[in-house]
1. Return the calculated 222 nm mean residue ellipticity for the chain, to the nearest 500 deg cm²/dmol, obtained by summing -39500 (n - 2.57) across DSSP H runs with n ≥ 4 and dividing by the residue count.
2. When the dipole is taken about the Cα centre of the chain, and only Lys, Arg (+1) and Asp, Glu (-1) are charged at their Cβ, what size is it in debye, to the nearest 20?
3. Using θ = phi - 60° and the Karplus curve 6.51 cos²θ - 1.76 cosθ + 1.60, what whole-Hz ³J(HN,Hα) does each residue of the range 82-93 get, with Gly and Pro shown as x?
4. Once you measure Cβ to Cβ distances between cysteines in the chain, which Cys have no partner under 4.7 Å?
5. Out of residues 5 or more away from S88 or on other chains, whose amide H comes under 5 Å of its own, with H placed 1.01 Å from N in the peptide plane?
6. Translational diffusion coefficient of the chain at 20 °C, 1.002 mPa s, Stokes-Einstein with Kirkwood Rh over Cα pairs, in µm²/s as a whole number.
Amino acid sequence: MHELSLMNILLDDALNAAAGAPVCALRVRVGPLSGVVIEALRFAFEALIPGTPAEGARLDIEETAPAFRCPHCHATYHPPIGAYECPSCGATDGELTGGYELELISIEVPDHV
C-alpha cells in the first residue's frame, strides 16, 4: 500500500506549511492515472493524523479527469477512461497533459491561532 507513504509525505508538507498551527483540512488533487487508490489514501490519512496538529482534520479530495491535447487540431479534451479519441477530429494520438496528478492543493488552519 504505497498510499501510506504518499499520504505521509503530503501530511508532512501540510504540517510544515502550517508552521505549528493546527490543521483543519487538507485538499488534495488526485488523477485517475496516478495509480493512487482514493479509499486507501483516505485510510492512510486517518491512520496518520492521530497525535499530530492535523488530528480531527478532514481530507478533501478533488478527482481530476485525464486531459489530452490533439497534435492535429490542437483541441484540449477530457475523455472518459479508455475513450481517448479527439472529439473534434477523431485522432487517437493525443498528448496526455493531465490525469496523473497527486498534489497537495491547500491546507486550512483556524483563523484565530
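Every read-out reported here was derived from the displayed coordinates using simple, explicitly stated rules and does not represent laboratory data. Remember, it's a predicted structure, so these values are computed and weren't measured experimentally. Please note: Cβ atoms are built from the backbone with ideal geometry, for glycine as well, and neighbour counts cover all protein chains shown.
1. It comes out at -7500 deg cm²/dmol, rounded to the nearest 500.
2. Here the chain has a charge dipole of around 100 debye.
3. Each residue's phi maps through the Karplus curve to give x, 10, 9, 6, 5, x, 8, 10, x, 4, 10, 10 Hz.
4. Cysteines of the chain left without a disulfide-compatible partner: C24.
5. Close amide H contacts, sequence-distant or interchain: none at all.
6. Values: Rh = 15.6 Å.
Taking Rh from Cα pairs, D becomes 137 µm²/s.
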